[in-house]
1. Could you pull the Rg and Dmax for the chain, using just the Cα atoms, both in Å?
2. Place +1 on the Cβ of every Lys and Arg and -1 on the Cβ of every Asp and Glu in the chain, take the dipole about the Cα centre, and give the residue among GLN61, LEU40, TYR87 whose Cα lies farthest towards its positive end.
3. Normalising by the residue count of the chain, find the relative contact order in percent from Cα pairs under 8 Å and 6+ residues apart.
4. For HIS108 and THR35 in one chain, what is 0.36 nm times their gap in residues minus the Cα-Cα distance, to one decimal in nm?
5. Rank these for me by crowding, SER65, SER25, SER107, going from fewest to most other beta carbons within 10 Å.
6. Distance in nm between label sites at ARG46 and SER62, each 7 Å beyond Cα in the beta-carbon direction?
7. For the pair ASP17/SER89, report the inter-label distance in nm, with labels modelled 7 Å from Cα in the Cβ direction.
8. R0 = 22 Å: FRET efficiency of SER25 with LYS78, Cβ-based, nearest 0.05?
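No value in this document is a laboratory result; all are computed from the given coordinates. Please read these numbers as outputs of a predicted model, since none were measured by experiment. FYI the Cβ positions are ideal-geometry reconstructions off the backbone, even for glycines, and counts take in every protein chain you see.
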Amino acid sequence: MEEFKENVAVKSGSNLDEETLFVVSQTFKALGDPTRIRILNLLFQREYSVNDIAETLGIRQSTVSQQLRFLKNLRLVKYRREGTTLYYSHDDDHVMSVLKLTIDHASHN
């Protein structure tokens with residue numbers, strides 16, 4: 001935790017370039033949507049196909065596909081193809097750590 005504080009202090013003392021600001025804001029935008037949070041939380045456990053995600057979360061397959069496309073464009077998820085099926089998994093341990101910490105924080109009473 002001390003290392004994290006030191007890194008935050010170093011970053012906060014410097015000016016952030018436009019690309020970094022954009023990526024950070026898009027990442028928080030991704031984490032600001034309940035459906036995307038549910039998908040990422042599910043993918044934290046293991047990889048899932050689009051159909052499996054839709055069935056597990058009780059949402060339409062088209063909605064899942066749209067959200068996965070958004071997350072993939074941010075490189076927060078990746079996929080592998082097996083035949084005609086795409087299996088998705090998370091692709092950014094840093095963002096997943098932030099998500100887990102935030103969920104833990106929200107669950108803390």
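1. Reported Rg and Dmax, both Å: 15.7, 49.
2. Among GLN61, LEU40, TYR87, the one farthest towards the positive end of the dipole of the chain is GLN61.
3. Answer for the chain is 25 percent.
4. Here the segment from HIS108 to THR35 would lengthen by 24.1 nm.
5. SER107, SER25, SER65
6. Roughly 3.0 nm, to one decimal.
7. It works out to 3.1 nm between the two label points.
8. With a Förster radius of 22 Å, E is 0.50.
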